[in-house]
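Below you'll find the structure, written out as structure tokens, and then a few comments.
The values are calculated or read from the model by the stated rules, or taken from the named source; none is laboratory data. Fair warning: this is a prediction, and the values are worked out from it, not measured in the lab. Cβ coordinates were reconstructed from backbone atoms using ideal geometry, including for glycine residues, and neighbour counts include every protein chain displayed.
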Amino acid sequence: MGTGSTGEDAGRDLGSPTADRGGATLPEDLLPVVAPRPIADVEPTIYDVARVAGVAASTVSRALSKPGRVSFKTAERVRQVAEDLGYRSGRLERVVSTRGSGMLAMIVADIANPVFFGMIRGAERTATENGFTLLVVETQESEQTEQDAATRLATVADGTILGSSRLSDAAIRALAKDKPLVLLNRTVGEVASVMSDNVQAIKKATEYLIGLGHTSICYLAGPVASWADGMRWRGLREAGLELDLHVRRLGPFLPTIRGGAAAAEAWLPRPSTAVIAYNDLMAIGFMQAVTAAGRRVPADVSVVGFDNIVDAVLVEPHLSTIAAPLVSIGSTAVAHLLRSHSALPAAYRQPVMLPAKLIVRDSTGPRRP
């Protein structure tokens, strides 16, 4: 999900349904390398404590800031050594804990995916307007990388935005206990979130395809850990039951053009007359692959994507897509973070739902008799 990437162009709008940390520290290789010095001459450092306690500097930081993350014996030893040496935690940690760092963090799965451009732009704009700096980190779809990044950033950022998180619900709740956190396009109980109404939007797209005479739709699924993918498939299944439509699912596939080409290979032996892809990149890869295989879009298969990235109008035929308000999602997430300290807890945790809409272009058309 996207900077200057929302292909807001000609295309017909068919409706706008509305509904509505764990205390790790900066990694050791980012901390200044300080050789041990005589304790009597200078203020002791984290490295002095680590040397005397016989542990790593990162363990010292965890033991002092979040003792529950190390054993009781280790925490007590580090605390005692720090007390004996007269060690006080570093300036950055003191600033963050008392006045705030003036920085917010945004973690995204794939910074090369245009869907994140608009979200980043909206978040950065609102952060800057309120005197904050936005840090953006990419995880390359890795759950472990996301966990590590979120834990480390929690020590320097006043709040975190998780875009299309691949973490478990339990891991997200643990992060949210330490610092304000907002999820994008996902809900987890007791955690604030901002999302577009994908379920209603995909139902609107299904109604449109039925109006064109289509009786079967194939969904090209995205990453297995994607909450948004599950919601999109749920919306299509519900629409199938409500409208007496045959739907099926292929995947999961990578949310990329290459993933769309792989989906096309799986689709060709048993084609449907219409396809809805997890995102626009997959839809574009799918169209390119089926065209290369001799099929025509939309004469042989109508294709709908998700996100309305700028590439949707750079391909032929222009891609019909479900447009999420990407800039607004990012902006709203930052505003939500900034209100988190003053808002009533119950109100803060209520999901914020923004409308999505179907943009009709040339990749969809009537089913052939």
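Assorted remarks:
- Failed item, numbered, when ALA239 is tested on (1) under 23 Å from ILE309 (Cβ atoms); (2) over 23 Å from the mean Cα position of the chain (by Cα); (3) part of a helix (DSSP H, G or I): (1)
- Residue within the stretch 307-318 that is within 19 Å of ARG367 (Cα to Cα), crowded, with 20+ Cβ neighbours inside 10 Å and in contact with a helix residue (DSSP H, G or I) (Cβ under 6 Å, 6 or more places away or on another chain) present: no
- Lone unmet requirement of (1) in contact with a strand residue (DSSP E or B) (Cβ under 9 Å, 6 or more places away or on another chain); (2) outside the structural domain of LEU338 (by TED's automatic domain parsing); (3) surrounded by fewer than 21 Cβ atoms within 10 Å (Cβ to Cβ) for ASP169: (2)
- Subset tally (residues that are surrounded by fewer than 22 Cβ atoms within 10 Å (Cβ to Cβ), under 12 Å from the mean Cα position of the chain (by Cα) and assigned to a loop (DSSP other than H, G, I, E, B)) for the stretch 108-141: 4
- Between LEU209, LEU250, LEU281, LEU220, the distinction of being at pLDDT 90 or above, out of contact with any helix residue (DSSP H, G or I) (no Cβ under 9 Å at 6 or more places or on another chain), buried (at least 16 other Cβ atoms within 10 Å of the Cβ) and aliphatic (A, V, I, L, M) belongs to LEU209 only.
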